[in-house]
Amino acid sequence: MSDVLVDIQNLSFSRGDRPIYRDMNMQVIRGKVTAIMGPSGIGKTTLLRLIGGQLKPDSGKIVFDGLNIPTLSRAELYQARKKMSMLFQSGALFTEMSVFDNVAFPLREHTRLPEALIRLVVLMKLESVGLRGARDLMPAELSGGMARRAALARAIALDPELIMYDEPFAGQDPISMGVIVRLIRELNNALGLTSVVVSHDVTEVMSIADYVYVVADKTVIGQGTPEQLRADPSPLVQQFLKGEADGAVPFHYKAAAYEDELMELTK
Amino acid sequence: MIANKLQLIGQQALNSVSGFGRAGLMLFGAIVGKPNIRKGLPLLIKQLYVIGVLSLMIILVSGLFIGMVLALQGYTVLVKFGAEGMLGPLVSLSLLRELGPVVTALLFAGRAGSALTAEIGLMKATEQLSGMEMMAVDPLRRIIAPRFWAGVIAMPLLALIFNAVGILGGHLVGVEWLGVDAGSYWSAMQANVDLYQDVLNGVIKSMVFALIVIWIALHKGFDAIPTSEGISRATTQTVVTASLAVLGFDFVLTALMFGG
Ligand SMILES: Nc1ncnc2c1ncn2[C@@H]1O[C@H](COP(=O)(O)OP(=O)(O)O)[C@@H](O)[C@H]1O
Ligand SMILES: [Mg+2]
């Protein structure tokens with residue numbers, strides 16, 4: 001078994017005629033927490049959808065557990081997806097089901113376990129995210145942080161090999177942020193998962209990731225352990241880590257010179 | 001200027017053709033393949049309840065009133081010719097051939113169709129459909145298929161109920177209120193309504209309308225732009241497109257069934 005669970009090679013992808021990735025390479029090592037950081041709108045969610053096979057790259061390979069995802073047939077892709085989970089930004093809980101039924105959903109769909117056993121597994125998963133007591137609530141009754149944890153319990157229901165978190169910290173209060181940071185780390189170690197965390201929250205990511213990729217300008221601009229990254233000489237990487245508004249990445253969207261546009265008004 | 005207009009028209013034509021293609025693919029993905037009875041049946045029953053049973057009230061009330069109005073209007077004309085004995089056939093044939101299938105379809109588009117579009121559009125906007133796909137569960141089979149079959153089964157039944165209640169409404173006004181002879185109301189109806197020509201053709205119409213309305217509603221939701229504005233537009237489009245399609249197809253079917 002190879003050490004690399006997800007191997008992205010020379011990936012290119014565009015939306016319409018706008019390129020999102022060009023010749024990108026990235027590797028996710030088994031058992032580690034790998035973070036992908038980058039400014040908003042750079043294509044981080046897109047990357048997770050590419051790994052999950054919901055989008056097809058223009059060229060390049062996305063190898064998951066030895067399988068090149070873009071070349072799989074539909075049936076093979078669905079088989080591969082049983083080994084991966086994605087935690088969507090919104091949680092994506094099924095609104096017409098209780099928390100319990102949400103977590104039980106993948107078990108009922110993909111296993112023939114008797115209901116008593118399903119109950120046991122669901123309660124175990126809910127306990128691990130601290131929501132055993134909330135099992136009868138509907139998703140609408142949960143706070144944002146609780147909804148994300150419930151979605152997390154559902155994501156680990158089938159004991160996947162890979163779990164992908166899309167912006168797990170976005171819009172969380174400091175306490176639930178702390179809870180989620182701890183959960184990602186603990187679940188990764190306790191369940192032997194491999195985790196991919198996509199985020200632009202530098203502090204949180206640097207505190208849990210084993211390895212970090214910084215993505216900008218359609219490709220990887222910096223990578224390494226958090227320590228290596230802090231020492232990275234690239235001005236782009238430093239600007240992103242320190243959160244400076246203007247620098248190597250300009251604050252302004254490309255525009256004509258300000259003076260010229262103002263002059264036009266007076267013409 | 002004219003080139004621009006032409007381009008716009010061409011663009012819209014292309015869009016509607018590709019929309020039609022996507023709708024076809026959606027339906028194909030949803031209903032072609034081996035059905036899973038163990039998982040599918042409970043989902044179908046739930047949707048039959050949501051789509052069918054919950055639409056019952058509006059169908060009952062509308063059917064009753066339309067039957068009563070038909071009898072009232074019919075009576076005032078028929079009585080001038082001393083033909084009020086033909087009130088039964090008038091009411092029942094209008095309902096069975098036209099009003100039952102058509103009005104049921106229009107009400108169904110407004111009541112169940114719009115709700116379906118909004119529901120599926122919202123599921124898309126909140127990433128529930130994507131999430132399901134990532135859990136290796138096909139949303140077409142799990143979400144679209146049971147709703148499609150429930151609509152196709154429920155609507156012809158609702159139309160039959162509409163007809164029955166309408167005929168009772170006609171009886172209420174014609175016989176109980178205006179004093180048409182009860183025996184002639186029912187026996188003239190029996191003599192003039194043909195099982196195949198009238199009842200069966202009405203049911204066929206209703207099945208075609210069911211297919212159209214439910215297909216449009218599901219596709220508009222599935223194809224909605226996942227924003228609140230996109231969903232509200234899709235919901236409106238469902239009601240407008242489905243209603244127009246029903247009226248258009250009604251003319252064609254009527255011409256085929258009763259025209260010759
Ligand atoms: N369904 C879509 N159709 C067209 N463009 C899209 C779609 N989804 C995202 N995009 C565009 O792709 C780019 C990357 O989006 P995304 O992956 O969501 O970025 P991130 O998650 O890094 O914020 C964005 O500029 C966005 O506008
Ligand atoms: Mg995103």
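The numbers here are math on the coordinates, done by the rules we state, and not lab data. All values reported here derive from a predicted model rather than from experimental measurement. Cβ placement follows ideal geometry from the backbone for every residue including glycine, while neighbour counts extend to all protein chains displayed.
Points to keep in mind about this one:
- Taking all pairs of distinct alpha-carbon atoms in chain B, Kirkwood radius in angstrom: 20.1
- Alpha-carbon spread of chain A, three principal axes, descending order, Å: 75, 40, 39
- Taken as Cα centroids, region B:1-45 and region A:195-237 sit 42 Å apart, rounded to the nearest whole angstrom.
- Placing unit charges on each Cβ (+1 for Lys and Arg, -1 for Asp and Glu) gives chain A a dipole about its Cα centre, and among A:Ser195, A:Gly145, A:Thr225 the Cα reaching farthest toward its positive end belongs to A:Ser195.
- Amide H contacts of A:Ile20: A:Phe13, A:Ser14, A:Arg15, each under 5 Å away and 5 or more positions distant or on a separate chain (H built 1.01 Å from N in the peptide plane; Pro and chain starts excluded).
- Scattering profile of region A:109-267 at q = 0.13, 0.17, 0.21 Å⁻¹ [log10 I(q)/I(0), Debye over alpha-carbon scatterers]: -0.75, -1.05, -1.36
- Taken over the C-alpha atoms, region A:18-156 has Rg and Dmax values of 17.1, 51 angstrom.
- For B:Thr117, the shell of other residues with beta-carbons less than 11 Å away shows a net charge of +2, using +1 for Lys and Arg and -1 for Asp and Glu.
- Each residue of region A:18-24 is assigned a 3J(HN,Hα), and the resulting list reads 9, x, 9, 10, 9, 6, 9 Hz, derived from the Karplus form 6.51 cos²θ - 1.76 cosθ + 1.60 (θ = phi - 60°), x at Gly and Pro.
- Based on Cα contacts under 8 Å between residues 6+ apart, chain A shows a relative contact order of 24 percent.
- Overall Cα dimensions of the protein assembly as shown - principal axes, largest extent first, Å: 102, 76, 40
- With θ taken as phi - 60° and the Karplus curve 6.51 cos²θ - 1.76 cosθ + 1.60 applied, the whole-hertz 3J(HN,Hα) list for region A:179-191 is 4, 5, 4, 5, 4, 4, 5, 5, 5, 4, 6, 5, 9 Hz, x standing for glycine and proline.
- From phi via Karplus (6.51, -1.76, 1.60), per-residue ³J(HN,Hα) for region A:56-66 in Hz, x at Gly/Pro: 10, x, 6, 7, x, 10, 10, 9, 10, 6, x
- Gaussian network model of chain B, springs between alpha carbon atoms under 10 Å - residue of B:Ala210, B:Ala245, B:Ala159 with greatest fluctuation: B:Ala245
- For A:Leu5, the residues 5 or more places off, or on other chains, whose built amide H falls under 5 Å of its own are A:Val28, A:Ile29, A:Arg30.
- Viscosity 0.692 mPa s, temperature 37 °C, Stokes-Einstein D of region B:129-223 from Kirkwood C-alpha radius, µm²/s: 200
- 20 Å reach of a label modelled at B:Leu72, 7 Å along Cα-to-Cβ, counting backbone N of region B:170-186: B:170-181
- Straight-distance candidates among the lysines for linking to A:Lys83, with alpha-carbon spacing under 18 Å and chain neighbours fewer than 8 residues away dropped: A:Lys32, A:Lys125.
- Principal-axis tilt of helix A:99-110 within chain A, Cα atoms, nearest 10 degrees: 80
- Reachable lysines from B:Lys124, criterion Cα separation under 18 angstrom, eight or more residues apart if same chain: B:Lys220
- Seen from B:Phe258, the other residues with C-beta closer than 14 Å to its C-beta sum to a net charge of -2, counting Lys and Arg as +1 and Asp and Glu as -1.
- Of A:Leu117, A:Leu229, A:Leu152, the one that fluctuates the most in a GNM where chain A has Cα springs shorter than 10 Å: A:Leu117
- Spin-label pair B:Ser232/A:Glu227, simplified geometry with 7 Å Cα→Cβ offset, distance in nm: 5.6
- Comparing B:Phe249, B:Phe81, B:Phe162 in a Gaussian network model of chain B (Cα springs below 10 Å), the most mobile by mean-square fluctuation is B:Phe81.
- Cα centroid of region B:167-197 to Cα centroid of region A:17-72, whole Å: 70
- The H on the amide N of A:Ile221, modeled in the peptide plane, is under 5 Å from the matching H of A:Val214, A:Val215, A:Ala216, each at least 5 residues off or on a different chain.
- A:Met124-B:Leu211 FRET efficiency (beta carbon distance; Förster radius 51 Å; 0.05 resolution): 0.65
- Estimated inter-spin distance, B:Glu98 and B:Met1, nm [label 7 Å along Cα→Cβ]: 4.5
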